Structure formats: C-alpha cells, structure tokens
1. Name the residue that is nearest to Ile130 (Cα to Cα), counting only residues in the stretch 207-266 that are of a type in the set (Ser, Thr, Tyr) and part of a loop (DSSP other than H, G, I, E, B).
2. Got a number for residues in the stretch 393-417 being loosely packed, with under 15 Cβ neighbours inside 10 Å, within 18 Å of Pro339 (Cβ to Cβ) and among the hydrophobic types (A, V, I, L, M, F, W, C)?
3. So is Arg35 over 30 Å from Ser8 (Cα atoms) and within 25 Å of the chain's Cα centre (by Cα) or not?
4. If you scan the stretch 185-197, which residues turn out to be more than 20 Å from Gly160 (Cβ to Cβ) and out of contact with any Asp or Glu (no Cβ under 9 Å at 6 or more places or on another chain)?
5. Suppose we keep only residues that are among the charged types (D, E, K, R) and part of a helix (DSSP H, G or I) within the stretch 181-206. Which one would you say is nearest to Asp351 (Cα to Cα)?
6. Name every residue in the stretch 302-319 that is buried (at least 20 other Cβ atoms within 10 Å of the Cβ) and within 14 Å of the chain's Cα centre (by Cα), in order of residue number.
Amino acid sequence: MADPIPNSSAVAARQLAALHDLLAEVGPQNPFYGRKFAAVGCSAVPASLADFTRRFPFTTKAELVADQAATPPFGTNLTYPVSHYTRCHQTSGTTGAPLRWLDSPASWNAMVADWVEVLRVAGVSAGDRILFAFSFGPFLGFWLAFEAGQKLGALCFAGGGMSSSMRLRLLLENECNVLCCTPTYALHLAEVAAREGLDLNRSRVRTLVVAGEPGGSQPAIRARLSATWRGARVFDHHGMTETGPVTHEDPAHPGNLVVLTDSYLAEIVQPASGEPVTPGEAGELVLTTLRRVGSPLIRYRTGDRVCGAAVAGPIATLVGGILGRVDDMVIVRGVNIYPSAIDQLLREFGDLAEYRVTYDTRAAMAELRLEVEASPGVAAAVGQRLHELLALRIPVTDVPAGSLPRFELKARRWRRL
C-alpha cells in the first residue's frame, strides 16, 4: 500500500487551487459567507494557505445555530437555491443545538468518494460483507458509509430498526466479515452475545471500522475491542455531519489519523487566542471543506482537541487521533480533567463493563462521582488509580450488572448536576 501521506508541497499546491475554486463559487452566491467576508474585507483571493488563515475569519457552531434560527429551517449557508439540493441530514446535538445540513449531488458524491477511500485503506473490497450496525437516523455518516460500501462492490447489510440481538444474528447468519459501528457499541454487542448465548467464535468479523468516539484511537480500547472480537483489526476514522468524513487511520501507525487532504484543509489553533499552535502542540482542530461546496464550512472551529505531527507544510496527521473536546474539560478542586482521559483510564480495567460519571456543581466546590458495572474489587482499584493519576479522591461505587445505559450512537456517560 502506498504511503497515505503525500509530499507536503504537492498537498499545499492542490489545497490552494481547490480553495480558490471554493471561494470563487461561494463568495458571490452564499449569503452566509458573503456577509462574513464583507464584514472583514476578505474580497481578495488568498495568495497562499498562510495568507488565507491569516485573513479569513473563523466559523463557529454558535453562528450556524443562530443563522438557522433566524432563517429557518436551513439557514443561509447555501451556495445554491434549495431546489439544487437532494440530501438533508442533521447533527446529533450532543454538543449543542442540532444543525440541518443540505447537500447538492456534487457535494454528496465527493463525500461518498472520501468514504470509499476510508474503507479502501481499511482493507475493505468487493466480495466483503459489511454490517452497518446503527439506526440510520438523520446523521450523515451512516448513509455515506453504506453507499461507499456499495460503490466498492461489498455486500452491505443495513442494521437500522433492529435490536442488538437481531443485528448479531444478522452478522453471524450472513457471515459478515466487517462491522461498522462505534467502539462502545461493538463492546456492547459482545456483551449481548454473551448474555444470549450467541457464540462469537462463529464470527467471521476480521475488521471493526469504528468512529463517533475517541476510543478508536486509544490503545486500551483498541486492545479490548480486538480481544473481544477474536483478534479483529480495529480501524478508526472520524468525521462530522457538518463536514463529512475527515480522516482515516494511518495503517503504518495505528492510533494516528490521516487527514483526507484533497477534501479538507486542517489547522490546529490555540482554543483561547485562535493563534496557530507550535508544531507538535495540542489545540483545536479547524477545518475548511474544499469539495463540499453546496453547504461549505470555511475555517470551522470543530471543538475537537488534536495534536498534529511536528512537520512543515499542511497538517496531514493527527497524532493519537481525536484526544477529546476543547470544551469538555472540567475542573475539580483545581485539577483539569478531560472525560477522554477518564475513559482511557477506565478502559484499562478489562472487567469493567460500563460506567457513568456525575459532575456535581451544586455545591461551592465541584465534585466527581463514578458508578461502575464491574467484577468485585474493581471499583476500589479504579478509585486508587484515579487517585494516583489525579491526586484526587473520587468516590467510585459498584452498581448491578446491566443497570447503566448502553449506547448505539455516541456514548453519553457524563452527566452534570
């Protein structure tokens, strides 16, 4: 397989050409960006990528939410009349108000091509059998992934409208060898199989294509997923309804994500100032959609915390994948805590089936509490490990098996009081 990260100067040249095409199409016709660019005087074509990132403004989710609220139902971030669009999808709303997103046929086909590349690098090809174990609601990625599988010539099984038990039987009876879902749901399916006496030793699954949560790039979760699914390869990727599929795992360095640089211009900035981070420093991922012209995002602050490889040129690799959210950090007794770090720690405990964290801010001093479904003694071990890591004593209690929620989509294990 060829090196997935091409020469940076060639990438920069292609990205600049695509950026010129994007701005030429969007600037005169898209009301949302027409107003934004006029407000800051961004009429001149950028001479370079550095010129673009220096002069053009960020886009935030709050702006998009306000725009759709002011001009329902789709807002004004539309490059063409609504009659030109054939797809409507919606964000999950896990980090704020949901957004509706329209796509023209050209934008949709570009994103399908990106998903084909994700599956291709994962080793999926014609003749494979893929189970898409999700409900096919309004979220973008499910539909793109399914269509991409068809484009590759794979036999595709839609798991929408099914219970976990039904999906497992579909997977086993039809000898599916690729499973596409979130990391949490892959673990949950294994729990259901054990509970209902379905033998995963019969499974033909050789590849788990996962997304939707940071766990797909975390070593502890990857190891647990692979062990649970009889040595299956875990292949991570990430994207958003607002952007489409953005990255796929680096086959040579599992745990890192490779940006689809022909479709996305990626930046990493300091969350507070918006200034570029130094090479190798973690910050907030900012994306420009180079080929999704119908409903573009230009310098979109994703809220994802990432670390780019410390190399010159366009950002092509996210080291360690998605590290968490820049806006999900909590402070407990002066200690900064990221939920993704807690998740990584807890997944070191193989006998821990599920957990829930309560972040209680009702008193003068915020506190954390954990509930775990685990074997005897694990709760005490988790509490000790948290104390070693954070220098905090956090209450950890056992709860009965099966009492905590299970998640098919993005897991919501944190609750705030």
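The values are calculated or read from the model by the stated rules, or taken from the named source; none is laboratory data. For clarity, every value in this text was computed on a predicted model and none was experimentally measured. Positions of Cβ are backbone-derived with ideal geometry, glycine not excepted, and every protein chain shown enters the neighbour counts.
1. Thr241
2. So the count comes out to 1.
3. For Arg35, the condition - over 30 Å from Ser8 (Cα atoms) and within 25 Å of the chain's Cα centre (by Cα) - is not met.
4. Selection gives Ala190, Ala194, Arg195, Glu196, Gly197.
5. Glu191
6. Within the stretch 302-319, Thr302, Asp304, Arg305, Val306, Leu318 meet the criteria.
So that you can scan it fast, the table gives a plain yes or no per residue for (1) touching a residue at least 12 places away in the same chain (Cβ under 8 Å); (2) crowded, with 21+ Cβ neighbours inside 10 Å; (3) in contact with a helix residue (DSSP H, G or I) (Cβ under 8 Å, 6 or more places away or on another chain):
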| position | (1), (2), (3) |
| --- | --- |
| Asn109 | no, no, no |
| Trp115 | yes, yes, yes |
| Val118 | yes, yes, yes |
| Phe132 | yes, yes, yes |
| Phe136 | yes, no, yes |
| Glu147 | yes, no, yes |
| Lys151 | yes, no, yes |
| Ala158 | yes, no, yes |
| Ser165 | yes, no, yes |
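Yes or no, residue by residue, for (1) in contact (Cβ under 8 Å) with a residue 12 or more places away in the chain; (2) of a type outside the set (A, V, I, L, M, F, W, C); (3) in contact with a Gly (Cβ under 7 Å, 6 or more places away or on another chain); (4) crowded, with 19+ Cβ neighbours inside 10 Å:
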{"site": "Arg206", "(1), (2), (3), (4)": "yes, yes, no, no"}
{"site": "Ile221", "(1), (2), (3), (4)": "yes, no, yes, yes"}
{"site": "Leu225", "(1), (2), (3), (4)": "yes, no, no, yes"}
{"site": "Thr243", "(1), (2), (3), (4)": "yes, yes, no, yes"}
{"site": "His248", "(1), (2), (3), (4)": "yes, yes, no, yes"}
{"site": "Leu260", "(1), (2), (3), (4)": "yes, no, no, yes"}
{"site": "Tyr264", "(1), (2), (3), (4)": "yes, yes, no, yes"}
{"site": "Val269", "(1), (2), (3), (4)": "yes, no, yes, yes"}
